[in-house]
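Step one of this worksheet: look at the structure below.
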Amino acid sequence: RDNLGALGSLVRLARQLGAGRVHLELPAPDAGARAADAIVPWPEAKPSLLRALAAAPRGFAALQGVPFCVLREAPSAIAPSPPWVLARTRKLKAKHGRCLECPAYVLCGGFYASEHEGAYRLMESVEAPAASEEAAS
């Protein structure tokens, strides 16, 4: 929580220092942040993450560890987690029935299992209509 507001500045600094790419990752349930009860719920973290992603040219910063469908505003900013992360977190994940219809089904790591939803609150972003869908109605 304490560093969310600084993420955009950190992404810009990484670019100035010559980093090739920056990966931001939602901590997994087996990470220290979860054990310390320091996971920032997605609805609270999302605005800061969007600002951080916007602080750099497209493709420089990517977000890993979230399902593709929770960031409809910037789906190209989500990158699949590396295979070693997917292998470690697979037992903590669960895909919902609606995931079968998604074109990103194979690449997407899915959601954390229901027992972790209270900490992450990712499903709120899926159940709410996207801004473009609201504008179309």
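Using C-alpha pairs under 8 Å with a sequence gap of at least 6, the mean separation divided by the residue count of the chain gives a relative contact order of 26 percent. A simple charge model with +1 on the Cβ of Lys and Arg, -1 on the Cβ of Asp and Glu and nothing else charged puts the dipole of region 72-120 at about 200 debye relative to its Cα centre. Around the Cα centre of the chain, unit charges on the Cβ atoms of Lys, Arg, Asp and Glu (plus for the first two, minus for the last two) sum to a dipole of about 540 debye. Considering the chain as a Gaussian network with a 10 Å cut-off on Cα pairs, which listed residue, R72, R98, R121, attains the greatest mean-square fluctuation? Evaluated over the chain, the most mobile residue of the options is R98.
Stokes-Einstein, applied to the Kirkwood radius of the chain over Cα pairs at a viscosity of 1.567 mPa s and 4 °C, places its translational diffusion at 82 µm² s⁻¹. State, as an integer percentage, the relative contact order of region 1-80 based on alpha-carbon contacts under 8 Å between residues 6 or more apart. Here the relative contact order equals 38 percent. A cut-off of 5 Å between modelled amide H atoms, ignoring neighbours fewer than 5 places along the same chain, links R121 with W42. Enter the Cα centre distance for the pair region 1-40 and region 52-122, rounded to the nearest angstrom. Cα centroid of region 1-40 versus Cα centroid of region 52-122: 15 Å apart. Taking amide H as placed 1.01 Å from N in the peptide plane, L24 has its amide H under 5 Å from the amide H of A62, L63, Q64, each at least 5 places away in sequence or on another chain.
Bear in mind that the values in this text are calculations on the coordinates, not laboratory data. Since the structure is predicted, the reported quantities are computational estimates derived from the model, not experimental observations. Neighbour counts run over all protein chains shown; Cβ positions are idealised from the backbone, glycine included.
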